[in-house]
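Student: Right, I'll just put the structure down here and ask away after.
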Amino acid sequence: MTLPDCPHLPPPRDGLDWRLLAAHRDAHRGGDFYLDCLEYAHSLWSRGLAARGLLCLDRAFGAELTGGEPVLAAWPMPYAATAWMIRQTPAGVFLGNPRVHFQHYADRMNEPRREQRRWRAWACWALARAVLPQLAGDPRHAVVEPELDQIAAQLRRHGFAGEPELWRGVLAAAV
């Protein structure tokens with residue numbers, strides 16, 4: 001199955017596989033890693049592997065960036081790509097439950113940059129709730145779900161300049 005191109009991700013080169021990201025295993029996971037994550041996520045998505053594409057965007061959100069990298073000007077943090085993938089996944093293509101995924105991911109986050117990555121996961125959780133409000137959370141996972149203003153405040157504290165506004169813009173468009 002081939003899915004349509006995501007307008008929020010760079011076009012993928014042909015033949016990408018797991019080795020693209022494995023090459024960064026022992027290296028700094030900066031701008032090159034970020035761009036490779038976006039491209040590989042798009043490749044997975046295009047091949048009908050929506051859930052794996054979404055997981056690859058998780059990796060992009062965890063790249064070791066400072067906010068001033070040139071790649072971010074061309075390809076901002078992938079909030080729009082996340083919402084788009086969740087919305088555009090056709091029936092019959094496995095996506096899982098992104099609300100539960102992001103809830104678990106945010107609540108079980110480890111270092112490095114735990115707080116930054118945690119609040120980005122909560123931001124994606126909010127996007128999943130906005131795009132697919134019918135998805136239930138995990139009733140067996142006792143967690144305090146944050147309010148949108150709390151997510152924005154924590155993105156302001158732990159994210160890049162302008163990141164809360166970027167997320168809020170995607171969230172507003174997702175509703």
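The values are calculated or read from the model by the stated rules, or taken from the named source; none is laboratory data. All values reported here derive from a predicted model rather than from experimental measurement. Don't worry about glycine lacking a Cβ; one is built from the backbone with ideal geometry, like all the others, and counts go over all protein chains shown. Quick note on the areas: whole protein, heavy atoms, side chains included, nothing else; ligands and nucleic acids left out. Shrake-Rupley method; radii C 1.70, N 1.55, O 1.52, S 1.80 Å.
Student: In whole percent, how big is the carbon plus sulfur part of the accessible area of the chain, probe 1.4 Å, protein atoms only?
Tutor: The value for the chain is 54 percent carbon and sulfur by accessible area.
Student: Give, in nm to one decimal, the length gained when the segment between residue 158 and residue 73 is fully stretched (0.36 nm per residue of separation minus the Cα-Cα distance).
Tutor: That works out to 28.7 nm of additional length.
Student: To continue, here is another question. Helix-only estimate, please: 222 nm mean residue ellipticity of the chain, summing -39500 (n - 2.57) across DSSP H runs of length 4 or more and dividing by its residues, to the nearest 500.
Tutor: -17000 deg cm²/dmol
Student: Can you pull out the chymotrypsin sites (Phe, Trp or Tyr not before Pro) in region 22-119 that DSSP calls coil and that have at most 13 other Cβ atoms within 10 Å?
Tutor: For chymotrypsin sites (Phe, Trp or Tyr not before Pro) across region 22-119 that sit outside H, G, I, E and B with at most 13 neighbouring Cβ atoms in 10 Å, the list reads 94.
Student: Same structure again: Exactly which GluC sites (Glu not before Pro) in region 74-175 are in a DSSP loop and have at most 12 other Cβ atoms within 10 Å?
Tutor: For GluC sites (Glu not before Pro) across region 74-175 that sit outside H, G, I, E and B with at most 12 neighbouring Cβ atoms in 10 Å, the list reads 147.
Student: Follow-up. Using 7 Å Cα-to-Cβ label points, what is the residue 66/residue 144 separation (nm, one decimal)?
Tutor: So the label points at residue 66 and residue 144 sit 3.4 nm apart.
Student: State the extension gain, in nm to one decimal, for the chain segment bounded by residue 165 and residue 94, taking 0.36 nm per residue of separation less the distance between their alpha-carbons.
Tutor: Going from the current span to full extension adds 22.5 nm.
Student: How much accessible area does residue 69 have with a 1.4 Å probe, in Å² rounded to the nearest 10?
Tutor: About 40 Å², rounded to the nearest 10.
Student: Could you compute the longest span of the chain free of trypsin sites (Lys or Arg not before Pro) located in DSSP loops and having at most 15 other Cβ atoms within 10 Å, not counting the site residues? Spell out each step's value before the answer.
Tutor: Details: sites that count: 13, 25, 47, 108, 113, 140.
The segment 48-107 is the longest one with no such site.
Student: The chain: Rg/Rh from Cα coordinates, Kirkwood Rh?
Tutor: Answer for the chain: 0.94.
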